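A.B. asks: Structure in structure tokens, see below.
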Amino acid sequence: MSQSLAPGLLIASPPLGDPNFDRTVVLLALHSEEGALGFVVNRTARLTLGELLEHAGYEGLSPDPSPVWIGGPVQPQSAWVLLDDSTVEAGDGVIEIGSRLRVSSSRAHFDQIAEQLRKRRRGRSAPARRMVMLGYSGWAPEQLEGEIARGAWLPVPLDESIVFDVDAEQRWEKAYALLGLRPFDGMTMRGIGQA
């Protein structure tokens with residue numbers, strides 16, 4: 001491996017063909033000789049944050065219609081919090097991604113979210129910018145490099161604004177724009193070579 005692609009973004013190529021990753025943007029958190037770890041940041045789950053926290057046993061919270069995101073197909077029963085908060089220190093279950101982003105699966109971060117929702121119920125402050133995700137995207141050693149070599153992914157440097165400042169439906173196209181490209185909508189492997 002020549003150098004780490006993390007932190008960065010992976011853009012699914014238009015003809016990827018894997019339904020888990022079709023038209024996705026993956027926030028690549030870790031990448032080394034041991035493999036890679038990332039999170040899809042533009043695909044929502046079928047439940048809300050309030051529903052997820054209720055299923056996890058939290059009580060007395062204000063209903064929260066915020067989306068829960070599908071971080072990837074690996075361990076979909078695991079939950080992660082992606083924070084836009086540079087004051088959270090890396091270590092002790094927290095992974096630093098770039099200058100502002102942090103990700104954690106620790107119970108303490110979910111307790112903090114629950115406490116923020118309790119305070120909101122009492123009319124207090126809005127919560128920090130965050131995404132709660134189910135599952136993650138993982139690659140074995142050299143697997144990601146092989147997929148990139150086959151054209152499945154386009155790696156681009158991390159642009160943190162795409163994660164929180166761009167509507168989810170537009171993140172794939174905006175990530176392509178970082179390369180000065182526009183994806184070919186409707187292009188599939190099946191359509192290539194057919195008249």
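The values are calculated or read from the model by the stated rules, or taken from the named source; none is laboratory data. Given the structure is predicted, the values throughout are model-derived calculations rather than measurements. Note that we place each Cβ from the backbone using ideal geometry, even for glycine, and neighbour counts take in every protein chain shown.
A.B. asks: Can we say L83 is assigned to a helix (DSSP H, G or I) and crowded, with 17+ Cβ neighbours inside 10 Å?
C.D. replies: no
A.B. asks: I would also like to ask the following. Hey, N42 hits all of (1) in a loop (DSSP other than H, G, I, E, B); (2) surrounded by fewer than 18 Cβ atoms within 10 Å (Cβ to Cβ); (3) not β-branched (V, I, T) but one; which does it fall short on?
C.D. replies: Result: N42 fails condition (2) only.
A.B. asks: Just to be sure I understand, how many residues within the range 86-118 are out of contact with any strand residue (DSSP E or B) (no Cβ under 6 Å at 6 or more places or on another chain) and not in a strand (DSSP E or B)?
C.D. replies: Qualifying residue count, the range 86-118: 18.
A.B. asks: Look through the range 18-32, keep the residues that are at pLDDT below 95 and not aromatic (F, W, Y), and return whichever of them is surrounded by the most Cβ atoms within 10 Å (Cβ to Cβ).
C.D. replies: Applying the filter and picking the extreme gives T24.
A.B. asks: Restricting to the range 45-74, name every residue that is in contact with a Pro (Cβ under 6 Å, 6 or more places away or on another chain) and part of a strand (DSSP E or B).
C.D. replies: Within the range 45-74, just T48 meets the criteria.
A.B. asks: Determine which member of the set S105, S125 is polar (S, T, N, Q), under 25 Å from G60 (Cβ atoms) and at pLDDT 90 or above. Walk me through how you get there before you give the answer.
C.D. replies: Numbers: S125 fails: at pLDDT 90 or above.
S105 is the lone residue from the list that is polar (S, T, N, Q), under 25 Å from G60 (Cβ atoms) and at pLDDT 90 or above.
A.B. asks: Identify all residues within the range 137-176 that are more than 14 Å from L5 (Cβ to Cβ), among the β-branched types (V, I, T) and outside any helix (DSSP H, G or I); write none if there are none.
C.D. replies: V166
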